[in-house]
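Student: Next up is a structure, given as structure tokens.
The values are calculated or read from the model by the stated rules, or taken from the named source; none is laboratory data. None of the values given here were measured: they were computed from a predicted structure. Counting neighbours? That spans all protein chains shown, and the Cβs are built from the backbone with ideal geometry, glycine included.
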Amino acid sequence: MMTQMQSVIAAQVDSQAIAKSEFDAYIDDKVNVLKSVDVEKFSLFSLADVTKTILHHAFWLAEQKQQLSLKHYKKLLIDQGWRGEEKRYLKIAAVFSQFSPQDLAQIEPLTVYQLANNSKKYQPVIDALLDLSYITQEAVRSLVKEKRTSQEPKPKKPSIWRRTKNGGRYCQIPAIHEEDERTGVTLQKMMDSEGLSAQQIVSEAVALRQAYKEGRLVIDGGNFPEYQE
């Protein structure tokens, strides 16, 4: 039994070593390619290469987590100095699992992290990328802008209604700001002279205005307009 377990562990370690060797070989190959690139083309080429390297690393790390035991996976993180950094790459691997590194090569590295770290927010953008035959940074930027525009909150319809604790409701008129304070002064005079509350006067004023709008106001001998029910 011990021999069998040793064989399994040895196979896992060998698999880890092979995968690590392949990844290192990929990085070395990219470094050599970069050295041969013309200076004028270096900036653009290296940006795409960084993005692809990030994605290759993310996919490779996700594969190692799936294949290795928890013990060997943790050891891999410690040996490579990645402990505490792995989550962001695993998130990238999960979010972009339907893409290849080459598919996303023209996206800036920071954009890759942005989309992955806010995958719920940008899921419509990520889904839209699947429909593109060629993905560019400009295309991603446009999709993000479209999403932001579509989610801009619409102006709320003004409402005077407020809720009470027991589930009922009441209307509350917002503050009235006027330079001459005409409405407030007039309302106060009516309250003082007629002994009515502000609510009673406002209620009557609203009823009169509604009657006027509906053509139900009548003039009685030049006196104050009255309205018919």
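Student: Could you look through the range 52-91, keep only residues that are basic (Lys, Arg) and outside any loop (DSSP other than H, G, I, E, B), and pick out the one that is surrounded by the fewest Cβ atoms within 10 Å (Cβ to Cβ)?
Tutor: Checked the range 52-91; the qualifying residue surrounded by the fewest Cβ atoms within 10 Å (Cβ to Cβ) is Lys87.
Student: So for the range 104-125 (the condition being in contact (Cβ under 8 Å) with a residue 12 or more places away in the chain, under 30 Å from Lys52 (Cα atoms), surrounded by 10 or more Cβ atoms within 10 Å (Cβ to Cβ) and in contact with a Pro (Cβ under 9 Å, 6 or more places away or on another chain)), does at least one residue qualify?
Tutor: No, the conditions are met nowhere in the range 104-125.
Student: Does the range 118-130 hold any residues that are under 14 Å from Ser100 (Cα atoms) and out of contact with any Ser or Thr (no Cβ under 8 Å at 6 or more places or on another chain), and which are they?
Tutor: Listed by number, the residues that qualify are Leu129, Leu130.
Student: How many residues does the range 131-143 contain that are surrounded by 10 or more Cβ atoms within 10 Å (Cβ to Cβ) and at pLDDT below 90?
Tutor: 1
Student: For the range 92-198, list the helices (runs of 4 or more DSSP H) that sit wholly inside it and hold at least 2 residues that are over 35 Å from the mean Cα position of the chain (by Cα) and either within 30 Å of Ala58 (Cβ to Cβ) or not assigned by TED's automatic domain parsing to the domain that holds Val50 (or both); which are they?
Tutor: By residue number, 182-194.
Student: Does Thr149 fit the bill of being exposed (fewer than 12 other Cβ atoms within 10 Å of the Cβ) and among the polar types (S, T, N, Q)?
Tutor: So Thr149 fits the description; yes.
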